[in-house]
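The values are calculated or read from the model by the stated rules, or taken from the named source; none is laboratory data. No experiment lies behind these values; they were computed from the predicted model shown. Glycine gets a Cβ as well: all are built from the backbone with ideal geometry, and neighbour counts include every protein chain shown. For the accessible areas, the whole protein counts, side chains as well, though only heavy atoms, and no ligand, DNA or RNA atoms are used. Shrake-Rupley method; radii C 1.70, N 1.55, O 1.52, S 1.80 Å.
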Amino acid sequence: MSVQLKLKTLDAETICSVVGGKMKKFGGALGSEKIVSLTTSSSEAEEGSIFCAIKGARVNGADFIPDAVERGAVCVLTSEIPNSVSESGAAFCAVIVDDVIKAIGTLAGWYKGFSDAIFVAITGSVGKTTTKELIASVASIKYKTHKTRGNYNNELGLPLTLLELEPDDKVAVVELGMSARGEISYMSNLVKPDIAIVTNIGTAHLATLGTRENICKAKLEIRDGLKENGVLLINADEPLLIENASELDCNISLMSIYNRKGDYRALNIRTGSEGLTFDMIYDNKAVTNIEIPLLGKHNVYNALAAYAVGAMLGISDELIRRGLSSFVGAEMRQSIYDIGGGITVIDDCYNASPESMRAALDVLSSIAQRKNLRPIALIGDMLELGEYSRLMHDQLGQYAAQCRIAKLFCYGMMSDVVAEAAIKKGIRAENVFVCLDTRDPQTMANMILDTAKPGDILLVKASRAIHAELVIDCLKRKLAKMKTPKK
């Protein structure tokens with residue numbers, strides 16, 4: 001990934017001082033040459049860039065320093081310098097550090113300090129990206145808004161997001177992901193948010209954290225970098241959050257659907273053909289008929305967070321409504337479209353957890369019932385569940401049966417567990433299909449096409465590493481060929 005550095009002019013000497021590195025100069029470089037961009041890919045290096053040579057499990061970025069310098073990089077951030085580079089005679093500076101990723105984080109945290117933007121940081125087991133996009137949609141109605149690109153929400157992606165800040169950004173909305181304790185604390189201290197949000201506590205990351213209680217504590221690390229007068233916004237319908245957040249020394253606001261103590265409380269939730277409508281009570285007033293182009297009650301929490309942030313930013317109710325109603329979802333997140341052959345797809349391939357799987361099945365059932373379509377589902381493996389994986393996949397199969405899924409396509413190494421549970425709970429065996437090998441999306445696509453028919457609505461959802469979107473690609477190609485007349 002490459003970012004343009006527009007917030008402040010940088011040079012190698014400054015970067016070296018900020019990250020506490022050691023400077024080496026080659027070929028007559030001065031160290032004062034202007035740096036206009038930062039990249040972690042040598043192929044994207046350009047005149048005036050700094051190349052960050054990250055050492056991975058398979059590839060050592062330092063091996064690509066010659067290529068980056070040849071393309072115009074005036075500086076490299078690295079933990080080592082290959083002999084071939086020093087012998088080449090090329091003019092560039094090297095800032096040598098022990099850990100390149102940590103150095104990028106240090107640089108980003110310092111660089112962010114030159115921005116006047118209000119920072120909103122979001123974490124949670126489910127709904128982070130949708131909440132981020134909803135908040136950005138609301139904030140951008142009134143302010144120039146910067147946001148996390150895609151899923152750049154980890155210890156490298158977040159610093160790159162901060163380094164993309166521009167001088168006229170007034171609001172920055174960033175997403176914080178994690179896989180272990182301490183990661184959100186680290187990122188929160190880089191961001192130093194004015195508003196911090198925890199959407200919910202789920203079961204993702206049980207493999208590394210062991211219990212939901214530990215997941216909750218890890219998510220609440222977002223408080224660690226919160227500014228002194230900042231606000232922590234949490235889901236009041238999650239008892240773990242209420243219990244743990246009450247021990248934190250900060251300003252707390254609550255959002256809720258079921259808990260009457262919520263500062264931002266949704267009620268009268270209605271499902272329409274294109275999305276949800278709900279009413280809300282906040283600040284001792286009622287706001288009625290708020291519309292979002294999303295389905296599933298879980299998305300009301302995401303909208304409440306966006307509304308709360310809009311109110312905290314001083315945006316009027318009318319403009320917040322406009323921002324919510326004009327929301328456009330991120331790719332591979334509950335996109336609904338026709339793929340041909342009279343088959344509708346709910347493309348929700350971005351990621352999956354037990355909570356989001358159940359929510360997606362609820363959406364499938366709701367749409368199918370309302371539009372008189374037959375509900376069918378491709379359910380792929382959910383990852384990072386550790387010792388709970390078999391149990392969670394068993395429960396998922398049972399839930400699919402409860403939702404009266406007509407045809408169930410199970411995809412991945414845990415597909416036999418899902419299939420067996422669904423059959424035991426009532427789906428007839430001839431309506432359940434299993435493909436263990438996710439390296440063969442065409443086989444899964446063929447299973448679907450052999451049984452699907454016009455008037456079906458197909459949910460496709462799995463953890464990101466399963467690449468269930470490839471099955472959709474195979475479906476599209478085969479349906480297109482079937483539609484094309486033979487010459």
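Here are the numbers for this structure:
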| quantity | calculated |
| --- | --- |
| Answer from Asn284, Asn302, Asn289 - the residue that is on the phi < 0 side of the Ramachandran plot and out of contact with any His (no Cβ under 7 Å at 6 or more places or on another chain) | Asn302 |
| Residues of segment 396-418 that turn out to be under 27 Å from the mean Cα position of the chain (by Cα) and surrounded by fewer than 17 Cβ atoms within 10 Å (Cβ to Cβ), as a count | 1 |
| Segment 253-286, subset of a type in the set (D, E, K, R), open to solvent by 30 Å² or more (accessible area, probe 1.4 Å) and in a strand (DSSP E or B), residue farthest from Leu232 (Cα to Cα) | Arg270 |
| The one condition in (1) at positive phi; (2) open to solvent by 60 Å² or more (accessible area, probe 1.4 Å); (3) touching a helix residue (DSSP H, G or I) at 6+ places or on another chain (Cβ under 6 Å) that Gln442 fails to fulfil | (1) |
| Filtered residues of segment 63-105 (kept if part of a strand (DSSP E or B), open to solvent by less than 10 Å² (accessible area, probe 1.4 Å) and not aromatic (Phe, Trp, Tyr)) | Cys75, Val76, Leu77, Thr78, Cys93, Ala94, Val95 |
| Residue that is most open to solvent (accessible area, probe 1.4 Å), among those in segment 122-141 that are in a loop (DSSP other than H, G, I, E, B) and in contact with a helix residue (DSSP H, G or I) (Cβ under 6 Å, 6 or more places away or on another chain) | Ile141 |
| Only one of Glu221, Glu228, Glu318, Glu291 that is more than 26 Å from Gly177 (Cβ to Cβ), outside any strand (DSSP E or B) and not small (Gly, Ala, Ser) | Glu318 |
| Top-ranked residue of segment 189-203 - restricted to ones that are under 16 Å from Ser125 (Cα atoms) and open to solvent by less than 20 Å² (accessible area, probe 1.4 Å), ranked as modelled with the lowest pLDDT | Thr203 |
| Matching residues in segment 361-395 - criterion: being open to solvent by less than 10 Å² (accessible area, probe 1.4 Å), in contact with a strand residue (DSSP E or B) (Cβ under 8 Å, 6 or more places away or on another chain) and assigned to a helix (DSSP H, G or I) | Leu361, Val363, Leu364, Ile367, Ala368 |
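Condition check ((1) within 21 Å of the chain's Cα centre (by Cα); (2) assigned to a helix (DSSP H, G or I)) across all residues:
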{"residue": "Ile184", "(1), (2)": "yes, yes"}
{"residue": "Ala204", "(1), (2)": "yes, no"}
{"residue": "Ile234", "(1), (2)": "yes, no"}
{"residue": "Leu240", "(1), (2)": "no, yes"}
{"residue": "Glu247", "(1), (2)": "no, no"}
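Let's see how each residue does on (1) out of contact with any Asp or Glu (no Cβ under 8 Å at 6 or more places or on another chain); (2) modelled with pLDDT under 95:
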residue: Ser389; (1), (2): yes, yes
residue: Gln398; (1), (2): yes, no
residue: Cys410; (1), (2): no, no
residue: Asp416; (1), (2): yes, no
residue: Ile423; (1), (2): yes, no
residue: Asn431; (1), (2): yes, no
